[in-house]
Each structure stands twice: as structure tokens, then as C-alpha cells.
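A.B. asks: For reference, the structure I am asking about is given below.
The values are calculated or read from the model by the stated rules, or taken from the named source; none is laboratory data. Given the structure is predicted, the values throughout are model-derived calculations rather than measurements. Every residue, glycine among them, receives a Cβ derived from its backbone with ideal geometry; neighbour counts consider all protein chains shown. Ligands, DNA and RNA are excluded from the accessible area calculation, which covers all protein heavy atoms including side chains. Shrake-Rupley method; radii C 1.70, N 1.55, O 1.52, S 1.80 Å.
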Amino acid sequence: MAQKPSIPKGTRDFFPALMSRRNYIFDTIKSVFQLYGFQPIETPAMENLSTLMGKYGEEGDKLLFKVLNSGDFAANVPDDLLLAKDSIKLTNKISEKGLRYDLTVPFARFVVQNRNELVFPFKRYQIQPVWRADRPQKGRYREFYQCDVDVIGSDSLLNEVELIQIVAEVYRRLKINVCLKINNRKILTGIAETIGEANRIVDITVAIDKLDKIGLDKVNLELEQKGVSKEAIYKLQPILALAGSNSEKLDQIEKVIFASPTGLKGIAEMRKIFEYLKRMNLNLNVELDLTLARGLNYYTGAIFEVKANDVEIGSITGGGRYDDLTGIFGLPDVSGVGISFGADRIFDVMAQLDLFPENTSSAAKVFFVNFGESEEAYLLPVLVQLRQEGISCEIFPEAAKMKKQMIYANRKEIPFVVLAGESEMAEGKVTLKNMETGNQLLLTITELLNELKK
RNA sequence: GUGGUUGUAGCUCAGUCGGUUAGAGCGCCGGAUUGUGGUUCCGGAGGUCGUGGGUUCAACCCCCAUCAUCCACCCCA
């Protein structure tokens, strides 16, 4: 038992029944993406570490899975470096590739690298696994899928609005009750400037992001511990307590951060987005949440986060505007905006709320019982005919006991079973059994086809 | 990276004060039923009690270590 094979922690195997439900999620998301004119791309599982490092903050670098150089990777490492036991420096010598941590950074690299072949604004979607060397826990895996949609090469806020529409449509189709929270990094910058802590914006946003989780007192405590001045924290209080409708909140915050041009720009952006949304007749609760921060520090404009209303699981979709992601790779002044659906968390939510439709099974529609060689010869052409008609079917590969074959069909949840032995063959017919009702019909092959096409 | 939880059959879990042959339910296999699954009845297989050490006449049970697991923090989808 101890020797049973296993998989690395934080990874999972997916059974057929799970796969068909996962594919239901992927297919839904994919078709909505396509509805808005986004096209798929894929990038390699591995990227050069130089592409990945430094893009996710210090914490993120630690969570990158590094891939050992091939060959005799230790041979060229100087002795003093080995003895120094400095993991970071040693890593630089023995590893130059890593597994991707998200889809956005590889996408930025993709855009810069292939800029001459792309049509801008470039609208792409990408559904692939990413890897993080995090410690796994509830709703957190080391290998999980992201479903990203991004538009790059356009400043227009219409892109933000389109992404919000996509969120609304995806969750409408999946029947998940969600709330979309939206904020703007420029407003956060404005706040930081106004309270006199402009260079602490990351600390401030990370702390206030936790407001609804740990409460006001603990947020203030954390700000204090991070070295934010008492005066600044005091000035921050009314901002954290803002309430009212989205436009009321914007009006209030505007009065506070009027001296910050960046902050005002953020407010103008948000007003424009809400104005657009009003015209879209959106069936989604969009809430301006000034405490929403999101960790990734490449965001520069609007930021989004989606939470399921009926399940405690953290955010299931997130994203935002990033003005300078491609700048790091040598292509400045190309703005992009995108969001990422966390398929695995969406799966957990749907499983918990039992939202999957009944008929997601990937099993064949018809099962043929195998009675022996002559029956096989009689049935094989029928299988060919069914498949030509697009009806999925299979025959048991050996003439096993009928009970065993029926159990097989039952466990695979195949809805129809065809039986054809001596008596049926004599009449040129087959018996079709409906596995759910137990009813049986004696049919000719033509009748069988018609029956199954219903 | 920090703190905690739990490891007994394929799965979920009992297991008394440390005591001789470690149990249940579900699942699996076979039969009742040689051309009929999902219900029922009967029978059967399956365990180095996570691993290594220690205490003891004796350890699933106590101690130490180790590995795995799950949960929380950090961070995040």
C-alpha cells in the first residue's frame, strides 16, 4: 500500500465523468469568447525563466516551478557557488526554463515576439494549465487551468465593457450566481497620493484588499506594521467606509482625491464604463469596490474580480487593464486588458451547487452485446452504419457473459443496448433495449436507425 | 515559507484500560438467474494498522523521527 503509485501534491487525475463536466465548462467559456470575436492561441508549458522572473513580485518568483537544464547541469557550476548554498544564485546556473505561472505574461511575450504578424487590436483567448509551487489547500492547486481573454493594442474602455459582458454571459450560461467587483488602480494611486504615501501603494492595496475578510481594525494594524504613517491611516478611514451606489461612491471619492490627476483620471474611466454598461442591459451585479486591489502589480487601470454568491471559495474570475506589460519585453505603449476564468474553482462551485446538466456524459449512445463470431459478423456493418449517421456506438470486444456485458453498459451509462443472437439474425432484425425504461423493441436495421435518430 | 490536523481494506470510517484471531458499511468478485444491467438473497477475496526507530513480557493504541494528507496564514484562480 505504501508503494502505491501517486501523483505530485496539488495535482489531480480526471476520470471520464469528470472530464465531460470539465469540458462542459470549457466549451461554454470558449463559445462565449468566440461570440465576441476572440480567437484561440496556445503557448508552451515552459517559458524561459528570464521571461517569467520578476513579473509576479518577489513572492511569485518563489512560486515558479523551475526546470532543470538538460545534460550534466552541475558540471559547470563553480565550486564556491555550490558551497555557498545560495539557492537563487545556484538556480540561475542550473535552470533557465520554468513552467508558466499564468497565461498573461506568456501572452505579452507572444505579442512582442510576433508583433509583425498580428492584427491589432489583437483579441485572443487561451485555455491552458498553469503551475504554481504553492502549498495546496481548499480551492488551490499546483496545476490548474486558466481561461484567459485579452485584447491588446487598444485603450478603449469598450474593451473593459465587453469583458464584463462576457463574464455576465458565461455565468448566465453556467447558471452560477455571481457578483462582479470592479475598481481602478488609478483611483488607488490617487488615494495613496492623497494620504501622502504614494510610494507605498502596493502595501496599502494589499492591506485594504483584505477589508471584508479580516475587518477594519486588522487592516489598520497591518498598514501600521507595514510602516504606513498614522496620519495616512487616519486619512484613509473615510475612504474605506464609503457606501452607496456606484456613482455615489465615485462622487464621494472624487471630493477626497481631487488633487490627484491620476486619481481623477481613474474616476473618469469608471464613470465611462458605468455609462457604457447602462446601455448594455446587463443582467449582472457590478459593484464598485474601492477596497478591491488584486495582487498582480502589472495592473494600471480597471481591475475586476468575480465571486460566487452561494459558495465560499475566493475569486473565480479576475483581471484588469495593464498599460505596460509588453514594455518589459521591449514594446512600449501597447495597452491591454484581460480577464481570467478559473476553471477549476468554477468546477468546484458547480459541483457544490449541483449545477451540471444531466447529459454531459461522453459515453457512447449505443452498446452492442457480443454473442460470438457469427453475431459479430452480422452486427459490425450495423455499427459502421450507425457511425456514418453520427451515432456513437461500441461493441464489446469479446463474447463475454451477457451479464458482464450488461453491467459494462450500465456502468458506462450507455442509454441503449442492441442484442442480436440467433433468433434476431434469422429474422434479419435486432433487439433494441432502452436501459432506462427497460423496454425492448424488435426492429429491422432501418427501423433501428430511425429509432436512434429520434 | 509559518502554524495546526489526520494517516487502519479500493472508498468512508469504528477499534474499549496496551492483551492473544483488527471490524462495519459501501464497493469489488462469484453464485441464485447458461439471452438481460440498475432492486433482492447467498457466498468470497482483500490489511506489513503510512514508514523507521524506541518503551514494554506484549503496541493499531504510548514516545521520538520521518513521509504523506488536509486545513489556516502568506499569496492567489
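A.B. asks: Restricting to the stretch A:276-301, name every residue that is within 15 Å of RNA strand B (Cβ to nearest atom) and open to solvent by less than 10 Å² (accessible area, probe 1.4 Å).
C.D. replies: A:LEU292, A:ALA293
A.B. asks: If the Cβ limit is 9 Å and pairs must be 6+ apart or interchain, which residue in the stretch A:76-92 that is farther than 25 Å from A:GLU59 by Cβ pairs with which residue that is outside any helix (DSSP H, G or I)?
C.D. replies: Going by the 9 Å Cβ cut-off, the qualifying pairs are A:LEU82/A:ALA74.
Per-residue answers, yes or no, for (1) within 16 Å of RNA strand B (Cβ to nearest atom); (2) surrounded by fewer than 21 Cβ atoms within 10 Å (Cβ to Cβ); (3) of a type in the set (Lys, Arg):
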{"site": "A:ILE88", "(1), (2), (3)": "yes, yes, no"}
{"site": "A:LEU99", "(1), (2), (3)": "yes, yes, no"}
{"site": "A:LEU103", "(1), (2), (3)": "yes, no, no"}
{"site": "A:VAL119", "(1), (2), (3)": "no, yes, no"}
{"site": "A:TYR125", "(1), (2), (3)": "yes, no, no"}
{"site": "A:LEU158", "(1), (2), (3)": "no, yes, no"}
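A.B. asks: So in the stretch A:134-149, with the set limited to residues that are near RNA strand B (Cβ under 8 Å from one of its atoms) and of a type outside the set (D, E, K, R), which one is nearest to A:ASP27 (Cα to Cα)?
C.D. replies: Here the answer is A:GLN146.
A.B. asks: Let me ask something else. Give me the helices (runs of 4 or more DSSP H) completely within the stretch A:122-219, filtered to those with at least 1 residues that are over 30 Å from A:GLN34 (Cα atoms) and of a type in the set (S, T, N, Q), ordered by residue number.
C.D. replies: A:185-194, A:201-208
A.B. asks: What is the residue count in the stretch A:18-74 for residues that are of a type in the set (Lys, Arg) and within 16 Å of RNA strand B (Cβ to nearest atom)?
C.D. replies: 4
A.B. asks: Something else now. Testing A:ASP61 on (1) within 26 Å of A:VAL149 (Cα to Cα); (2) surrounded by 14 or more Cβ atoms within 10 Å (Cβ to Cβ); (3) touching a Ser or Thr at 6+ places or on another chain (Cβ under 9 Å); (4) not small (Gly, Ala, Ser), one condition comes back false. Which one is that?
C.D. replies: (3)
A.B. asks: If you don't mind, another one. I'd like to check something: does the stretch A:138-149 contain any residue that is within 21 Å of A:ASP333 (Cα to Cα) and open to solvent by less than 30 Å² (accessible area, probe 1.4 Å)?
C.D. replies: Looking through the stretch A:138-149, at least one residue is within 21 Å of A:ASP333 (Cα to Cα) and open to solvent by less than 30 Å² (accessible area, probe 1.4 Å).
A.B. asks: Please determine whether any residue of the stretch A:357-365 is open to solvent by less than 70 Å² (accessible area, probe 1.4 Å) and at pLDDT 90 or above.
C.D. replies: yes
A.B. asks: So A:SER31 passes all but one of these: (1) closer than 28 Å to A:GLY98 by Cα; (2) without any contact (Cβ under 8 Å) to a residue 40 or more places away in the chain. Which condition number does it fail?
C.D. replies: Every listed condition holds for A:SER31 apart from (1).
A.B. asks: Given the condition surrounded by 13 or more Cβ atoms within 10 Å (Cβ to Cβ) and in contact (Cβ under 8 Å) with a residue 60 or more places away in the chain, answer yes or no: does some residue in the stretch A:67-75 qualify?
C.D. replies: Scanning the stretch A:67-75, I find no residue that is surrounded by 13 or more Cβ atoms within 10 Å (Cβ to Cβ) and in contact (Cβ under 8 Å) with a residue 60 or more places away in the chain, so the answer is no.
A.B. asks: Looking at the stretch A:343-351, is at least one residue aliphatic (A, V, I, L, M), more than 30 Å from A:PHE416 (Cα to Cα) and modelled with pLDDT under 90?
C.D. replies: yes
A.B. asks: Let me ask something else about it. Looking only at residues that are free of Cβ contacts under 8 Å to residues at least 12 places away in the same chain and small (Gly, Ala, Ser) in the stretch A:242-258, which one is surrounded by the fewest Cβ atoms within 10 Å (Cβ to Cβ)?
C.D. replies: Going through the qualifying residues, I end up with A:ALA243.
A.B. asks: Among the candidates A:ILE339, A:ILE395, single out the residue that is among the aliphatic types (A, V, I, L, M), touching a residue at least 24 places away in the same chain (Cβ under 8 Å) and closer than 30 Å to A:ILE152 by Cα.
C.D. replies: So the residue among A:ILE339, A:ILE395 that is among the aliphatic types (A, V, I, L, M), touching a residue at least 24 places away in the same chain (Cβ under 8 Å) and closer than 30 Å to A:ILE152 by Cα is A:ILE339.
A.B. asks: Scan the stretch A:9-24 and report the pairs whose first residue is without any contact (Cβ under 8 Å) to a residue 40 or more places away in the chain and more than 17 Å from A:SER362 (Cα to Cα) and whose second residue is crowded, with 16+ Cβ neighbours inside 10 Å and among the β-branched types (Val, Ile, Thr), with Cβ atoms within less than 9 Å and a gap of 6+ or a chain change.
C.D. replies: Close Cβ pairs satisfying both conditions: none exist.
A.B. asks: Among the listed residues A:LYS181, A:LYS218, A:LYS230, identify the single one that is open to solvent by 40 Å² or more (accessible area, probe 1.4 Å) and in contact with a strand residue (DSSP E or B) (Cβ under 6 Å, 6 or more places away or on another chain).
C.D. replies: A:LYS181
A.B. asks: Taking the condition of being open to solvent by 80 Å² or more (accessible area, probe 1.4 Å), over 20 Å from A:LEU163 (Cβ atoms) and assigned to a helix (DSSP H, G or I), how many residues in the stretch A:26-54 meet it?
C.D. replies: The number of residues fulfilling the criteria is 1.
A.B. asks: Among the numbered criteria (1) open to solvent by 30 Å² or more (accessible area, probe 1.4 Å); (2) farther than 30 Å from A:GLN352 by Cβ; (3) of a type outside the set (Ser, Thr, Tyr), which one does A:ASP310 miss?
C.D. replies: Only one criterion is unmet by A:ASP310, namely (2).
A.B. asks: Of all residues in the stretch A:142-159, how many are closer than 10 Å to A:GLY336 by Cα and in contact (Cβ under 8 Å) with a residue 60 or more places away in the chain?
C.D. replies: 7
A.B. asks: Could you pull out the residue among A:GLU376, A:GLU451, A:GLU394, A:GLU424 that is modelled with pLDDT of 90 or more, out of contact with any helix residue (DSSP H, G or I) (no Cβ under 6 Å at 6 or more places or on another chain), under 23 Å from A:PHE14 (Cα atoms) and open to solvent by less than 80 Å² (accessible area, probe 1.4 Å)?
C.D. replies: A:GLU394
A.B. asks: OK, next. Test each condition in (1) open to solvent by 10 Å² or more (accessible area, probe 1.4 Å); (2) within 21 Å of A:ASN23 (Cα to Cα) for A:GLU162 and report the one that comes out false.
C.D. replies: Here A:GLU162 clears every test but (2).
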